[in-house]
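> For reference, the structure I am asking about is given below.
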Amino acid sequence: MQPESIETFIDPIIAVCREQFPRKCGNCGREFSDFQDFAANTRPFGALLPTYLRDDLFGAISYVNCLCGNTITLECVDAAVNGRLAEAILREAVICGRPVRAILMDLRAEVRRRVLGAA
Ligand SMILES: [Zn+2]
């Protein structure tokens, strides 16, 4: 089987994230009506740890801070897809000679860009 490109995971990630709304910040009580609202009104975590690749890859792209500072996590995919995406990212890191962290940052930025652009 051909390894999958990272690109093919973006739309499925967005679809799974969309299903988790509305939801509320556990700290300030702010309610996010949908994923777009969420992406627009939260800040992504700055630093990502490559160790996320082992068992919590999607944590790396889905941890965000509410404007109150509270950390909110979205589950982006199931474990099977998580493993496939981890493989795709590790492969891209080798082929392109880029750090895993940079690839994760790009992926997360692209997810946000698409969600925010779909107004
Ligand atoms: Zn909050």
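The values are calculated or read from the model by the stated rules, or taken from the named source; none is laboratory data. All values derive from a computational prediction rather than experimental measurement. So basically every Cβ, Gly included, is an ideal-geometry build from the backbone, and we count neighbours across all protein chains shown.
> Is the stretch 1-16 home to any residue that is over 15 Å from the mean Cα position of the chain (by Cα) and more than 23 Å from Ala80 (Cα to Cα)?
no
> Keeping to the stretch 96-105, report how many residues are charged (D, E, K, R) and modelled with pLDDT of 85 or more. Explain how you work it out, then say what you get.
Narrowing the stretch 96-105 to residues charged (D, E, K, R): 98, 101.
Within this subset, residues satisfying the condition of being modelled with pLDDT of 85 or more are 98.
Total meeting the criteria: 1.
> Pairs only if they're at least six apart or on different chains, beta carbon under 6 angstrom, first in the stretch 64-93 and within 25 Å of Arg43 (Cβ to Cβ), second at pLDDT below 80 and among the charged types (D, E, K, R); list them, first residue then second.
From residues that are within 25 Å of Arg43 (Cβ to Cβ), the pairs are Asn65/Arg43.
> Got a sec? Which of Ala119, Ala93, Ala80 is part of a loop (DSSP other than H, G, I, E, B) and either modelled with pLDDT of 90 or more or more than 13 Å from the chain's Cα centre (by Cα) (or both)? Break it down into steps so the answer makes sense when it comes.
Details: Ala93 fails: part of a loop (DSSP other than H, G, I, E, B); Ala80 fails: part of a loop (DSSP other than H, G, I, E, B).
Of Ala119, Ala93, Ala80, the one residue that is part of a loop (DSSP other than H, G, I, E, B) and either modelled with pLDDT of 90 or more or more than 13 Å from the chain's Cα centre (by Cα) (or both) is Ala119.
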